[in-house]
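Peer 1: Below you'll find the structure I mean.
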Amino acid sequence: MNETVEERYGVYGNPRRNMIRTAELWTSYLGHEITAHDVAMCMILLKASRASVAHHPDNYEDIRGYSEIAEGLGDRRGQH
């Protein structure tokens with residue numbers, strides 16, 4: 001677990017559970033299934049978008065963290 005993920009684990013809890021919970025909320029809001037892997041990948045895209053506008057080290061740290069989480073989740077399309 002990289003330093004960013006480990007640090008945030010203490011604040012937000014288990015990253016896998018966090019991505020699953022977010023996927024459930026996004027699925028409900030959007031009306032179609034979103035997986036935990038989708039959430040992690042979309043968060044990477046959000047951080048990349050922010051990084052394209054302004055350089056802030058947090059964006060790159062978070063991209064690394066979300067990438068690690070996505071890798072750990074695997075490409076589990078259709079699964080929570």
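Peer 1: Anything in region 1-15 that is more than 13 Å from GLU61 (Cβ to Cβ), modelled with pLDDT of 75 or more and not small (Gly, Ala, Ser)? List them, or say none. Write out each step before concluding.
Peer 2: Narrowing region 1-15 to residues more than 13 Å from GLU61 (Cβ to Cβ): 1, 9-15.
Among the residues that remain, those that are also modelled with pLDDT of 75 or more are: 9-15.
Selection gives TYR9, VAL11, TYR12, ASN14, PRO15.
Peer 1: Being of a type in the set (S, T, N, Q), touching a residue at least 12 places away in the same chain (Cβ under 8 Å) and surrounded by fewer than 17 Cβ atoms within 10 Å (Cβ to Cβ) is the requirement here; does ASN14 meet it? Can you show your working first?
Peer 2: Numbers: of a type in the set (S, T, N, Q): yes; touching a residue at least 12 places away in the same chain (Cβ under 8 Å): no; surrounded by fewer than 17 Cβ atoms within 10 Å (Cβ to Cβ): yes.
Spelling it out, it is not the case that ASN14 is of a type in the set (S, T, N, Q), touching a residue at least 12 places away in the same chain (Cβ under 8 Å) and surrounded by fewer than 17 Cβ atoms within 10 Å (Cβ to Cβ).
Peer 1: Could you look through region 1-60, keep only residues that are part of a loop (DSSP other than H, G, I, E, B) and of a type in the set (Val, Ile, Thr), and pick out the one that is farthest from LEU73 (Cα to Cα)?
Peer 2: Filtering region 1-60 for residues that are part of a loop (DSSP other than H, G, I, E, B) and of a type in the set (Val, Ile, Thr), the one farthest from LEU73 (Cα to Cα) comes out as ILE34.
The values are calculated or read from the model by the stated rules, or taken from the named source; none is laboratory data. The model shown is predicted, which means the values in this text are computed figures rather than measured ones. Positions of Cβ are backbone-derived with ideal geometry, glycine not excepted, and every protein chain shown enters the neighbour counts.
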